[in-house]
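Here is the structure we will look at, set down as structure tokens.
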Amino acid sequence: MGAEAELIELMERAWEANRDGDAAFYDRFLADEVLSVSQWGVVDDRDAILKGFAENRNPYTRTDQSDHRVVWLDENNAVHSSRVEIDVLIGGTDEQTMRVYATSALTRRDGEWKCAVFQITPAP
């Protein structure tokens, strides 16, 4: 598998972990210093981000990625972007569909990819 396909597969796994509320995945996946940016705010507290994944208050029931793009900064650093259509249960009961552009900055440390920044932006 090529490096680009590896990153795309990893990002598919990240969205699966998000759906499952799998904070253990994110504990391994997130860099020590991490930044999350979305329409709900900016969070740079790693423990708070992990708590949010574990609590899974607005669970995603479907995440379909498309239009993957990877920009290589060098062999150990890349930016991945995709369009994601998400079915979400707001408050655990009210199903809504949202469309976002999702962008992640990734760095490879000791052979493992780590996410340092992730951002979702509403898409039309």
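Every read-out reported here was derived from the displayed coordinates using simple, explicitly stated rules and does not represent laboratory data. Just so it is clear, the model here is predicted, and its values are computed rather than measured. All Cβ positions, glycine included, derive from the backbone under ideal geometry; neighbour counts span all protein chains shown.
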Open item on the list: Apply the Karplus curve 6.51 cos²θ - 1.76 cosθ + 1.60, θ = phi - 60°, to the phi angles in the range 45-52 and return the couplings in whole Hz, x for Gly and Pro.
Closed with: 9, 4, 4, 5, 5, 4, 4, x
Task: Largest to smallest principal axis extent of the C-alpha atoms in the range 16-124, angstrom - done: 42, 30, 22
Open item on the list: Please list, ordered by chain and number, the residues whose modelled amide H lies under 5 Å from the amide H of Val117; skip anything fewer than 5 residues away on the same chain.
Closed with: Leu35, Ala105
Open item on the list: Net charge within 15 Å of Asn58 by Cβ-Cβ distance, Lys/Arg positive one each and Asp/Glu negative one each, not counting Asn58 itself?
Closed with: -1
Open item on the list: Whole-Hz ³J(HN,Hα) for each residue in the range 114-124, computed from phi via Karplus 6.51 cos²θ - 1.76 cosθ + 1.60 with θ = phi - 60°, x for glycine and proline: what do you get?
Closed with: 10, 9, 9, 9, 9, 9, 10, 10, x, 10, x
TODO: Once you've got the GNM for the chain with C-alpha springs shorter than 10 Å, pick whichever of Ser82, Ser66, Ser36 has the biggest mean-square fluctuation.
DONE: Ser66
Task: Listed residues Asp64, Asp94, Asp44, most fluctuating in the chain (Gaussian network, C-alpha, under 10 Å) - done: Asp94
TODO: Using a Gaussian network model of the chain whose springs link C-alpha atoms within less than 10 Å, name the residue from Glu16, Glu55, Glu85 with the highest mean-square fluctuation.
DONE: Glu55
